[in-house]
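A.B. asks: Submitted below is the structure of interest, expressed as structure tokens.
The values are calculated or read from the model by the stated rules, or taken from the named source; none is laboratory data. Quick caveat, the model's predicted, so the values are computed rather than measured. Counting neighbours? That spans all protein chains shown, and the Cβs are built from the backbone with ideal geometry, glycine included. Heavy atoms of the whole protein, side chains included, go into the accessibility calculation; ligands, DNA and RNA do not. Shrake-Rupley method; radii C 1.70, N 1.55, O 1.52, S 1.80 Å.
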Amino acid sequence: MTGSSAQQAPHAVAVRWWLIAVAVLIAVMVLVGGATRLTESGLSIVEWKPVTGTLPPLNEAQWVQAFEGYKAIPQYRELNAGMSLSEFKTIFWWEWSHRLLGRVIGAVYLLPFLYFLWCGALGAELKRRLWMIFALGALQGAVGWWMVASGLAQRTEVSQYRLATHLVLALIIFASIVWTLRRMTARPQSVVPGRLKVSGVALLALTFVQLYFGALVAGLRAGRVYNTWPEIDGAFIPSAARLFFEEPWWRNLFDNTLTVQFEHRMTAYALLALAILHAIDSVRSRAGTAVIGGAWSLAAAISLQAALGILTLLHQAPIDLALAHQATAIVVLTLAVLQAERLAARRTEHDPQKLVMPLEQPG
């Protein structure tokens, strides 16, 4: 063992638990963000004060001042005119809690990170990964305010484009931490077909696409219209005239509530089908207990997610079902990351290492 490795070994467990804690906090942050969106609370704080904004209003005068700031934006005038101070406090606490949790995550990440750097507990590759995650976290704070700012002047809600960017970036950070945790654990390699690795990566990529479409659905409140299944707008596949009536055509993919909900549904079907095929292929390929178990766990989670999505749609997106749907999405993403990394860490049938015997070993 080298001197560097000897320094890192005693801290390995602590580093893992630290990253697990950060990942859990990010998952909670995503759910609080979802509740903030569902309760229309995201625009209740109209200023970005990274330091002084940590404290909420502490007296009646400060509450009135915060409320007056909210009264100046279009959402209050067009949607919530006549709201009482008590009602304002309810939406304020959701947004304040969301922002406070972001600050907590920043501190929980940065302070131990600096300590582990100081005591030499991190290897070179791990340091690169963790600096990248830190940079993404810093970017996420700016993206959060960029999102909020879109709803303060001419809109009554934030831009669905910016909302989707904010959510997907949070989930990229979460997935990066989960991937990093897996890479910190040494595991024996086994041979799997190359196509299994490709389908694992495809599942992860398609999961992110589906999460993006889900964020667009939330941003457009598209889950509260077309509340029938399996038909949507009277058919399984709506007419092209209804799906693509905006110009240019591509704007329908992001702005048309019918098209956005339709693409979210179709991607869900594709994701479920791919997950089942991946699981069957892993069994037929005898890919090993871990790969097979991971594949079927992912297929089961996607099936549950699809069922929750249908229930959420049929009941017009009540907060309890919507948050359960979002929580299960985090589970699906976690399992997709674990499966993709599990396969990436294994040799494929095209790996030269399988075919070449090391010289120092007898044949």
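A.B. asks: Before I look further, what does region 210-353 give for accessible area per residue, probe 1.4 Å, in whole square angstrom?
C.D. replies: Accessible area per residue: 47 Å².
A.B. asks: Further, regarding this structure: Considering the alpha-carbon set of region 1-125 alone, what are its Rg and its Dmax in angstrom?
C.D. replies: Both quantities, over Cα of region 1-125: 20.4, 69 Å.
A.B. asks: Please report the carbon-and-sulfur percent of the accessible area for the chain; probe 1.4 Å, protein heavy atoms only, DNA, RNA and ligands left out.
C.D. replies: Looking at the chain in its full context, I get 67 percent from C and S.
A.B. asks: Assuming R0 = 51 Å, what is the FRET efficiency of ARG242 and ARG103, from their Cβ-Cβ distance, to the nearest 0.05?
C.D. replies: 0.70
A.B. asks: Just to check I understand the Karplus step: with θ = phi - 60° and J = 6.51 cos²θ - 1.76 cosθ + 1.60, what whole-Hz values come out for region 329-334, glycine and proline as x?
C.D. replies: The phi angles translate into 4, 5, 4, 4, 4, 4 Hz.
A.B. asks: Once every DSSP H run of n ≥ 4 in the chain is given -39500 (n - 2.57) and the sum is divided by its residues, what mean residue ellipticity at 222 nm do you get, rounded to the nearest 500 deg cm²/dmol?
C.D. replies: Value at 222 nm, helices only: -23500 deg cm²/dmol.
A.B. asks: Taking a temperature of 10 °C and a viscosity of 1.306 mPa s, what whole-number D in µm²/s does Stokes-Einstein yield for the chain with Rh from Kirkwood over alpha carbon pairs?
C.D. replies: Once the numbers are plugged in, D ends up at 70 µm²/s.
A.B. asks: With every protein chain in place, what's the accessible area of ASP320 (1.4 Å probe, Å², nearest 10)?
C.D. replies: My reading of the accessible area for ASP320 is about 100 Å².
A.B. asks: Another one. Kindly write out, for region 89-103 in residue order, the coupling ³J(HN,Hα) from the Karplus curve 6.51 cos²θ - 1.76 cosθ + 1.60 (θ = phi - 60°), rounded to whole Hz, with x marking Gly and Pro.
C.D. replies: Once θ is set to phi - 60°, the couplings for region 89-103 become 4, 4, 6, 4, 5, 4, 5, 5, 4, 4, 5, 4, 4, x, 5 Hz.
A.B. asks: What distance in nm separates the simple spin-label points at ALA270 and ARG224, each placed 7 Å from Cα in the Cβ direction?
C.D. replies: Between ALA270 and ARG224, the simple spin-label model gives 2.9 nm.
A.B. asks: In addition: Beyond 13 Å, how much of the Cα-Cα pair distribution for region 13-52 remains, as a whole percent?
C.D. replies: Every Cα pair in region 13-52 considered, those over 13 Å come to 66 percent.
A.B. asks: Just read off the accessible area of TRP145 with the full protein assembly in place, 1.4 Å probe, to the nearest 10 Å².
C.D. replies: In the full protein context, TRP145 sits at about 60 Å².
A.B. asks: According to the Kirkwood expression over distinct Cα-Cα pairs, how big is the hydrodynamic radius of region 140-198, in Å?
C.D. replies: 14.5 Å
A.B. asks: Now for a different question. Measuring with a 1.4 Å probe in the full set of protein chains, what accessible area per residue, in whole Å², belongs to region 64-130?
C.D. replies: Spelled out: the 1.4 Å probe surface of region 64-130, per residue, equals 53 Å².
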